[in-house]
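The values are calculated or read from the model by the stated rules, or taken from the named source; none is laboratory data. Quantities reported herein were computed from a predicted structural model and do not represent experimental measurements. Here the Cβ positions follow ideal geometry from the backbone for every residue, glycine too, while neighbour counts run over all protein chains shown. Ligands, DNA and RNA are excluded from the accessible area calculation, which covers all protein heavy atoms including side chains. Shrake-Rupley method; radii C 1.70, N 1.55, O 1.52, S 1.80 Å.
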Amino acid sequence: MSPKKPTEGSPSSRTRRRRKPGEPGKPGKPGKPGKPGKPGQPGQQRKKKAQKARGKTEARSNDRPRRKPAGRRARTGGADARAVLDVLEAAQRPLRLDAIARNLGSARSESSRQQLERVLDELTRSGKVLANRRGAFLLIDRTALRSGTVQGHPDGFGFVVLDEGGDDVYLSPKEMRQVFHGDRVAVRVRERPGRGRTRLEGRIAEVLERGVSELVGRFQLERGVSSMLPSDPKQSHHVLIPPDGRRGARNGQIVVVEITRHPSPASEALGRVKEILGEATDPEMEIEIAVRTFGIPHVWPEEVLAEAAAFGDKVRPRDKRDREDLRDLPLVTIDGADARDFDDAVYVEPARNGWRLIVAIADVAHYVQPGSALDEEARRRGTSVYFPRRVVPMLPESLSNGLCSLNPNVDRLAVACDMRLDDRGKVLRSRFVKAIIRSHARLTYERVDAILGGDEGERAANDALIEPLENLESLYRKLASARRRRGALELDQPEPRFVFGSDESVTGVVPAVRLESHRMIEESMIAANVEAARHLERDRMPALFRVHDGPDEDRVRDLRRTTGLLGYPLGGGDEPAPRHFAKLLRDVQGTPEAPVVTVLTLRSLSRAVYRADCGGHFGLALDAYAHFTSPIRRYPDLLVHRALGHVLAGGKRHDYAHDLPAMKSLGQLCSLNERRADEASWDVQAWLKCRYMEKRVGESLDGRITGLAEFGLFVQFDDALVEGMIHVSELDADYYEFRPDSHSLVGRSSGRKFQLGDRVRVRCAAVRTDERKIDLSLEEHTPRRR
């Protein structure tokens, strides 16, 4: 398997900027969600207090609530979450376990008390209830406490991303000593004046749930003391390892450490080596680190492999029954040269006053049934994760690269979207059908471009496919025109392509080339995705839609101010439509400022997510959009196939395997899994960029300023798709202050100004691969002409 083509355009696949190495957290900016803890394992201190509380009783008059708790279950002794919250609400003060049990009528039943303990554990983990130091439980919203997830920073401080939303709460390095990135905490919050705004600062009152059970990092042995430095820059703790926990690890090796004691204000974290991954310089070690750091499932359970193998390697005759036979149509797959899983094939022919477009997608849902081991594992993974040189697939390779893949010249099961379009690229009608297909060729983007570009050798070798491919190209022109008319954004932000030498070292980081054939397939996939969303809406089926909300007012205001300073105004007032963003990008196209404005526009947009409601897609300027075209690698697409298949089989909404509440929960899970995969991929890219720049320390490089902050400025190099940072202390003998109104760094004494788009010559001063940081020093500065 290999990185797949985009199916919805650049603005939706990755719109939120990852915080750059060395950059302080921005209030209000959500961070990576913490890993879920193991169920049934609350904090040890709280558990001991609760056990102690069960051995004591308080005077019944003191424990009696002031009013009768509401709710039928509260009156009859049921220990559900709502009943427990009602009891604590009515009591108006903290209650011990025995008191809660008496109010619920479950004091005499051991099974009821165990159920109550489980409910209290869940309420504690979810941040609704807190156990105080006396072992009594209280409602968090009745205190000055707020609950949230810790987000660490490489410089030692951190933030709490509050469950209730709003600005993040700053945690000092002292507070961060007792928690890991990903832990859930309750904090006491206070306001402290800052530069131009009030900053929220927190003190940790309780750790509600530990989000880390193991870490991966570099084993260190100094003067007989062993420890592990986590590879994740957001984990700033060294984990001490006792001699009996080393398992033979050598200094400098990369290891996985199981946490045996979490950090506290008075003690360091302790752990023991669970697995030795190897030397830091081993090929693909950066991938092994990322897989474990971000909790990417990568080991196949035996029952999953057995279930996949049971299907064999050929489509069974009985599976071909009751399917429309499309094997004679010259459907072809068009993918990257290193692709191994082919989940979409296309065919175009002229029709009356327009076109017929067929997009055939692998029928993964036929093999992955609800409740099966395959389904459970696919849901847990959520998506395939793409790294340079390696993929962690969502499905076992016997399916993803074999039976489900639309390999050439073999029968395959598919779900086909058969569309009729007019001569302006508008879909007039469409139908979905279960089909049996046979791909007539496995083509690459480069070969298709060569065929359509007149390459005689390629045209002679693919004579039978020339006409369908030319039809596809002609239809693409219509679809592209329709895209521009509706105002969809054209954000062709270059993706890095890593060039590796014979020794597996990185020899280059260059922009991946987007050909016309990429866009031809992308527009075909978008058309099929839109029709899938419309059919699901029409039949009111519970499914996941791809939703991309418009930017909020603050982001729009910041973008308008900055691009205006660059000479490219954003229209549309306080609520610009997609067409206004599209015009901004067209205006700047081909100018030196184009890369900067593209990055700024991307940062202003929200992140696309999966939701159970059809909220529309801002970046593509569409009212309805779903992911249908990649079920081999994305679980939401599999769910869309499952819903469409249910309708095609005559099923109704009421007898479907998934209801709306379940779909809402799946939307959250799939969005989190997608975010996890993206962050793992970005981390590997950052690691590889640092490894590449390690060889260029001391070199002078030309580049352009692409970002500014209080602590320095970021520079994108001309000859490599790599970015480094110049700290303010490296500029010159002056104090520099960041001016948000002009988005510039200005020297107090000299008045020297650094702004976005300025040309610079820098020297690569140092590379800190473990921290994913590239440090630069300034040699020359050429302000942009204004």
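Structure notes:
- Estimated inter-spin distance, Ala309 and Asn353, nm [label 7 Å along Cα→Cβ]: 5.8
- Between Gln220 and His298, the simple spin-label model (points 7 angstrom out along Cα→Cβ) gives 2.4 nm.
- Here, the chain has an Rg and a Dmax of 28.6, 95 Å when only alpha carbons are counted.
- Global geometry of the stretch 420-491, whether rounded, prolate or oblate, following the gyration tensor of its Cα atoms and the 1.5 cut on a/c: oblate
- With N the number of residues in the stretch 460-543, Rg(Cα) / (2.2 N^0.38 Å) evaluates to 1.56.
- Rounded FRET efficiency, nearest 0.05, which uses the C-beta distance separating Asp623 from Arg429 and R0 of 22 Å: 0.80
- Applying 1/(1 + (r/R0)^6) with R0 = 41 Å to the Cβ-Cβ distance of Arg390 and Ala266 gives a FRET efficiency near 0.45.
- Residues with amide H under 5 Å from that of Glu275, placed H, sequence gap 5 or more: Val256
- Restraint check, Lys583/Lys753; Lys426/Lys664; Lys695/Lys773; Lys426/Lys478; Lys320/Lys434; Lys174/Lys234, Cα-Cα greater than 20 Å: Lys583/Lys753; Lys426/Lys664
- In the chain, helical runs assigned H by DSSP with n ≥ 4 each contribute -39500 (n - 2.57); averaged across all residues and rounded to the nearest 500, the mean residue ellipticity at 222 nm is -9000 deg cm²/dmol.
- Accessible surface for the chain, divided over its residues, is 44 Å² per residue with a 1.4 Å probe.
- Fully extended contour minus Cα-Cα distance, from Glu694 to Gln493, at 0.36 nm per residue: 69.8 nm
- On the basis of the beta-carbon distance and an R0 of 45 Å, Leu515 and Glu780 show a calculated FRET efficiency of 0.80.
- When the surface is traced with a 1.4 Å probe over the full set of protein chains, Glu575 keeps roughly 150 Å² accessible.
- Cα gyration tensor, the stretch 180-328 - rounded (a/c under 1.5), prolate or oblate: oblate
- Accessible-area composition of the stretch 149-235, carbon plus sulfur, in percent [1.4 Å probe]: 44
- Solvent-accessible area of His153 with every protein chain in place, 1.4 Å probe, in Å² to the nearest 10: 0
- In this simple spin-label model, placing a label point 7 Å from the Cα along the Cα-to-Cβ direction at both Ala144 and Glu467 gives a separation of 8.0 nm.
- Stretch gain in nm, segment Asp558-Arg739, where the contour uses 0.36 nm per residue and the Cα spacing is subtracted: 63.9 nm
- Segment Glu284..Asp244, full-extension length gain: 11.5 nm, with 0.36 nm per residue of separation and the alpha-carbon distance subtracted.
- Fraction of beta bridges assigned by DSSP in the chain that are antiparallel (%, nearest 5): 90
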